[in-house]
1. Looking at Arg198, Arg189, Arg215 in this structure, which one is touching a residue at least 40 places away in the same chain (Cβ under 8 Å) and open to solvent by 70 Å² or more (accessible area, probe 1.4 Å)?
2. In this structure, is Tyr203 in contact (Cβ under 8 Å) with a residue 12 or more places away in the chain, closer than 22 Å to Asp176 by Cα, open to solvent by less than 60 Å² (accessible area, probe 1.4 Å) and out of contact with any strand residue (DSSP E or B) (no Cβ under 8 Å at 6 or more places or on another chain)?
3. Filter the range 154-174 for residues that are among the polar types (S, T, N, Q) and more than 26 Å from Lys97 (Cα to Cα); which is most open to solvent (accessible area, probe 1.4 Å)?
4. Restricted to the range 96-124, and to residues that are at pLDDT 70 or above and out of contact with any strand residue (DSSP E or B) (no Cβ under 7 Å at 6 or more places or on another chain), which residue is farthest from Ser25 (Cα to Cα)?
5. Let me confirm something: among Asp177, Asp130, which residue is surrounded by fewer than 18 Cβ atoms within 10 Å (Cβ to Cβ), farther than 21 Å from Cys250 by Cα, of a type outside the set (A, V, I, L, M) and at pLDDT 95 or above?
6. Suppose we filter the range 249-264 for residues that are surrounded by 21 or more Cβ atoms within 10 Å (Cβ to Cβ) and either of a type in the set (D, E, K, R) or assigned to a helix (DSSP H, G or I) (or both); how many remain?
7. How many of the residues making up the range 251-265 are in contact with a strand residue (DSSP E or B) (Cβ under 6 Å, 6 or more places away or on another chain) and of a type outside the set (S, T, N, Q)?
8. Looking only at residues that are of a type in the set (A, V, I, L, M, F, W, C) and in a strand (DSSP E or B) in the range 171-205, which one is farthest from Ile125 (Cα to Cα)?
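The values are calculated or read from the model by the stated rules, or taken from the named source; none is laboratory data. What you are looking at is a predicted structure, and each value in this text was computed from that prediction instead of being measured. Note: ideal-geometry Cβ built from the backbone for every residue, glycine included; neighbour counts use all protein chains shown. The protein model used for the area step is the full one, side chains on, heavy atoms only, and it has no ligands, DNA or RNA in it. Shrake-Rupley method; radii C 1.70, N 1.55, O 1.52, S 1.80 Å.
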Amino acid sequence: MATAAHCIACFEALDAHLAKRPALSLDEIQSLYEQFVASTSSSPTPKNPTLSRLTADPSPSSSSTSSTTGFSTSTPDTSNTSNTSLSSIVANNIPAKAPLFVTWNVVESDGDDDEEEEVSLRGCIGTFSDELLEEGIPEYALISALRDTRFRPIKASELPSLQAAVTLLTDFEKVDDPYDWVVGVHGVRLSFHDKGRRYGSTYLPDVASEQGWTREEALYSLSRKAGWVGSQSKWRDLDLQVTRYQGKKCSVRYAEYKRFKDWVDAK
């Protein structure tokens, strides 16, 4: 699963690049972030439902819900979790390498209520190849921030309005039926050929549900995203090849990174 430290590493890579200074490594950030959380008990915990579920009080009266998208609208309560147990859980669930995507969002809020937030995409690029997280997370943090051709490169002045999200991809399954996937559970990787040209595109697991799309609407949008400009009446004639996958996602706002960085600088 992706963690807050992964997201912090994205901000660190981008902030260091823009400030032309050396960046902390992911290993350094993971170690320091555990210390930061332990020393600032009132520090807000980033949205990570998997971590919340694993660290929750296992009493019979407690209940939990599974989020396979790794995206939550609530903040998990880890106030009763010792630093030792948190460290153990994180260590046992973080792979050394994985396919990954880094997403940058602009978050505009009228208050502290998540329902008042307006989130808009600012950049998103990743890879379906296994990447060492130590290298891949900072690399794709910069690529998605500076080289997503849909957007102008992110500037330092924009950092306070940003959210960084990391999605680690798992459970890849090629399906015979292009509709054999579940909105809100699976990401979709689409490929097809038409008139001698190959097309391909993907949506992460949370995209279709956030847009309110059906599976057919998502697949049609993917064909357009891939660059196919054929007639909509011909769309269903395409021989669509679909691989479904799942994603373990975590997101962190710049304010959390700034609190962490100020704490590190003061040490």
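1. Numbers: Arg198 fails: touching a residue at least 40 places away in the same chain (Cβ under 8 Å); Arg215 fails: touching a residue at least 40 places away in the same chain (Cβ under 8 Å).
Exactly one residue qualifies, and that residue is Arg189.
2. When the stated conditions are applied, Tyr203 does not pass them.
3. Top of the filtered list is Ser157.
4. In the first step, residues of the range 96-124 are kept if they are at pLDDT 70 or above; the result is 96-109, 116-124.
Applying the additional criterion that residues be out of contact with any strand residue (DSSP E or B) (no Cβ under 7 Å at 6 or more places or on another chain) yields 109, 116.
On the way: Ser109: 31, Glu116: 34 Å.
That would be Glu116.
5. Asp177
6. 5
7. Counting residues in the range 251-265 that are in contact with a strand residue (DSSP E or B) (Cβ under 6 Å, 6 or more places away or on another chain) and of a type outside the set (S, T, N, Q) gives 3.
8. Filtering the range 171-205 for residues that are of a type in the set (A, V, I, L, M, F, W, C) and in a strand (DSSP E or B), the one farthest from Ile125 (Cα to Cα) comes out as Val175.
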